[in-house]
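Everything below concerns the one structure shown next.
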Amino acid sequence: MSAPLLEVRNLTKFFPVRAGVFLRKVGDVHAVDDVSFTLHRGETLGLVGESGCGKSTVGKTILNLLRPTAGQVLFEGRDLGTLSHAEWRAVRRDIQIVFQDPMESLNARHTVGQILEEPFVIHKLGTPEERNIWARDLLERVGLPRSAVSRFPHEFSGGQRQRIGIARAIALKPKLIICDEAVSALDVSVRAQIVNLLLELQHDMELALLFIAHDLSVVRHVSNEVAVMYLGRIVERASSNEIYDQPCHPYTRALVSAIPLPDPGRERDRIVLEGDVPSPIEPPSGCRFHTRCAHAERVCAEKTPEWETVTPWQQVACHRWRELRGEIQD
């Protein structure tokens with residue numbers, strides 16, 4: 001297999017908690033803690049988990065929108081943490097992001113043409129006439145009329161605004177796009193259209209996608225591989241088929257059990273998690289999921305589980321995955 005396009009090694013991001021008159025540091029929010037994964041050109045990695053588990057922080061840290069506390073992010077073998085500001089500008093042509101709320105991510109005072117021409121202006125590409133033509137071409141490519149260049153973001157629907165955001169993301173022909181909950185705020189029918197657009201662009205441009213979402217049914221549709229996060233850590237990673245057909249971690253099993261079935265006559269056996277998600281300021285010892293896990297034993301609270309290989313396409317960090325897998329097969 002070829003070298004990965006993106007490699008994340010032991011990525012960690014803590015946010016300081018300050019209190020008192022002098023705002024002294026009294027702790028840390030463990031937003032992302034020792035996260036590792038790889039992503040190859042033309043493939044999609046789905047990063048899933050509950051809200052607040054650190055998924056979006058991973059994406060923003062990869063882009064250097066947030067500085068990592070520890071760990072490495074390598075893109076085409078280059079350590080992004082060692083790059084200067086000028087070197088980062090060049091890298092940003094190859095790594096783009098599509099945000100959850102298109103209205104918040106688009107400048108309301110600029111026309112769509114100005115928004116789409118901005119990447120070319122920043123990187124000093126083309127003449128004003130060429131940029132205008134390129135902006136119109138981008139709109140056509142994402143399914144919007146070329147005449148939309150003269151309109152403002154508020155004149156479009158949510159799905160149309162997200163198409164504009166995608167058009168801006170592909171303007172410089174990137175190699176990787178981070179989709180940060182890119183379809184979560186859209187209606188179901190529109191969501192399917194946007195997902196299909198992303199898959200079409202991925203095929204045509206050989207894009208790699210880091211697809212961050214909490215809707216597992218959408219993630220299964222778009223992803224080659226899925227990584228499941230809980231409270232700042234990845235607990236299971238596997239091919240899309242493996243993780244949905246034979247989930248090993250109790251948290252993954254609970255998430256999969258919540259996916260609606262397309263047949264109204266069938267029902268899944270829901271696994272309802274009890275208790276609240278622990279505070280990321282003081283995460284539980286050992287396995288972070290043990291406080292909500294019905295299968296937890298003493299070792300789960302005392303020792304952090306190591307990564308174990310289930311199949312060549314599936315790895316899990318759980319002390320009891322073998323017993324749980326046996327229960328499922330029986």
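No value in this document is a laboratory result; all are computed from the given coordinates. This structure is a prediction, so every number in the text was calculated from the model and none was measured. Ideal geometry is used to build each Cβ from the backbone, glycine not excepted, and the neighbour counts take in all protein chains shown.
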- prompt: Which members of region 278-330 meet the condition of being of a type in the set (A, V, I, L, M, F, W, C), out of contact with any helix residue (DSSP H, G or I) (no Cβ under 9 Å at 6 or more places or on another chain), assigned to a helix (DSSP H, G or I) and within 23 Å of PHE37 (Cβ to Cβ)?
  reply: none
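Of the residues ASP101, ASP79, only one is acidic (Asp, Glu) and under 30 Å from HIS214 (Cβ atoms); which? Can you show your working first?
Numbers: ASP79 fails: under 30 Å from HIS214 (Cβ atoms).
From the options ASP101, ASP79, the qualifying one is ASP101.
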- prompt: Mind checking whether some residue in region 25-38 is crowded, with 18+ Cβ neighbours inside 10 Å and not in a strand (DSSP E or B)?
  reply: no
message: Just to be sure before I move on: is ALA108 more than 26 Å from GLN202 (Cβ to Cβ) and either in a helix (DSSP H, G or I) or over 24 Å from the mean Cα position of the chain (by Cα) (or both) in the structure I sent?
response: yes
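Have a look at SER84, SER56, SER2, SER51 and point out the one that is of a type in the set (S, T, N, Q) and either under 22 Å from ARG168 (Cβ atoms) or in contact with a Leu (Cβ under 9 Å, 6 or more places away or on another chain) (or both).
Numbers: SER84 fails: either under 22 Å from ARG168 (Cβ atoms) or in contact with a Leu (Cβ under 9 Å, 6 or more places away or on another chain) (or both); SER2 fails: either under 22 Å from ARG168 (Cβ atoms) or in contact with a Leu (Cβ under 9 Å, 6 or more places away or on another chain) (or both); SER51 fails: either under 22 Å from ARG168 (Cβ atoms) or in contact with a Leu (Cβ under 9 Å, 6 or more places away or on another chain) (or both).
Going through SER84, SER56, SER2, SER51 in turn, just one is of a type in the set (S, T, N, Q) and either under 22 Å from ARG168 (Cβ atoms) or in contact with a Leu (Cβ under 9 Å, 6 or more places away or on another chain) (or both): SER56.
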- prompt: Exactly one of (1) free of Cβ contacts under 8 Å to residues at least 40 places away in the same chain; (2) surrounded by 12 or more Cβ atoms within 10 Å (Cβ to Cβ); (3) outside any helix (DSSP H, G or I); (4) charged (D, E, K, R) is unmet by LYS124. Its number?
  reply: (2)
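Tell me, which residue of region 61-78 that is assigned to a strand (DSSP E or B) and of a type outside the set (Gly, Ala, Ser) is farthest from the chain's Cα centre (by Cα)? Step through it out loud before you land on a result.
Going residue by residue through region 61-78, those that are assigned to a strand (DSSP E or B) are 70-75, 78.
Imposing the further condition that a residue be of a type outside the set (Gly, Ala, Ser) reduces the set to 72-75, 78.
Numbers: GLN72: 17, VAL73: 15, LEU74: 17, PHE75: 16, ARG78: 21 Å.
Ranking the qualifying residues of region 61-78, first place goes to ARG78.
Would you please name the residue that is surrounded by the most Cβ atoms within 10 Å (Cβ to Cβ), looking only at residues in region 97-115 that are among the aliphatic types (A, V, I, L, M) and under 21 Å from LEU65 (Cβ atoms)?
Of region 97-115, the ones among the aliphatic types (A, V, I, L, M) are 97-98, 103, 106, 108, 112, 115.
Subset that is under 21 Å from LEU65 (Cβ atoms): 97-98, 103, 106, 108, 115.
Numbers: ILE97: 23, VAL98: 25, MET103: 15, LEU106: 21, ALA108: 10, ILE115: 22.
Across region 97-115, the extreme among qualifying residues is VAL98.
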field: Considering residues of region 128-155 that are basic (Lys, Arg) and touching a residue at least 24 places away in the same chain (Cβ under 8 Å) only, the residue farthest from VAL190 (Cα to Cα)
entry: ARG151
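Of all residues in region 149-177, how many are in a loop (DSSP other than H, G, I, E, B), within 25 Å of the chain's Cα centre (by Cα) and not hydrophobic (A, V, I, L, M, F, W, C)?
Our first condition is that a residue be in a loop (DSSP other than H, G, I, E, B); within region 149-177, this holds for 151-152, 156-157, 171-175.
Imposing the further condition that a residue be within 25 Å of the chain's Cα centre (by Cα) reduces the set to 157, 171-175.
Right, trim to not hydrophobic (A, V, I, L, M, F, W, C) and you get 157, 173-175.
Here the count works out to 4.
Before we move on, is TYR230 aromatic (Phe, Trp, Tyr) and out of contact with any strand residue (DSSP E or B) (no Cβ under 8 Å at 6 or more places or on another chain)?
Numbers: aromatic (Phe, Trp, Tyr): yes; out of contact with any strand residue (DSSP E or B) (no Cβ under 8 Å at 6 or more places or on another chain): yes.
So TYR230 fits the description; yes.
Could you check region 216-243 and list, in sequence order, the residues that are among the hydrophobic types (A, V, I, L, M, F, W, C) and touching a helix residue (DSSP H, G or I) at 6+ places or on another chain (Cβ under 7 Å)?
So in region 216-243, the residues among the hydrophobic types (A, V, I, L, M, F, W, C) come out as 216, 218-219, 222, 226-229, 231, 234-235, 238, 243.
If the condition is that a residue be among the hydrophobic types (A, V, I, L, M, F, W, C) and touching a helix residue (DSSP H, G or I) at 6+ places or on another chain (Cβ under 7 Å), then LEU216, VAL218, VAL222, VAL226, VAL228, MET229, VAL235, ILE243 are the ones that fit.
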message: For a quick check of your reading of the model, give me the residue pairs whose first member lies in region 42-64 and is free of Cβ contacts under 8 Å to residues at least 60 places away in the same chain, whose second is small (Gly, Ala, Ser), with beta-carbon atoms closer than 7 Å and at least 6 apart or on different chains.
response: THR57/ALA31
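Name the residues in region 13-24 that are at negative phi and either touching a helix residue (DSSP H, G or I) at 6+ places or on another chain (Cβ under 9 Å) or outside any strand (DSSP E or B) (or both), would you? Can you show your working first?
Residues of region 13-24 at negative phi: 13-19, 21-22, 24.
Within region 13-24, LYS13, PHE15, VAL21, PHE22 meet the criteria.
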- request: Can you confirm whether region 50-66 contains a residue that is surrounded by fewer than 17 Cβ atoms within 10 Å (Cβ to Cβ) and of a type in the set (Gly, Ala, Ser)?
  value: yes
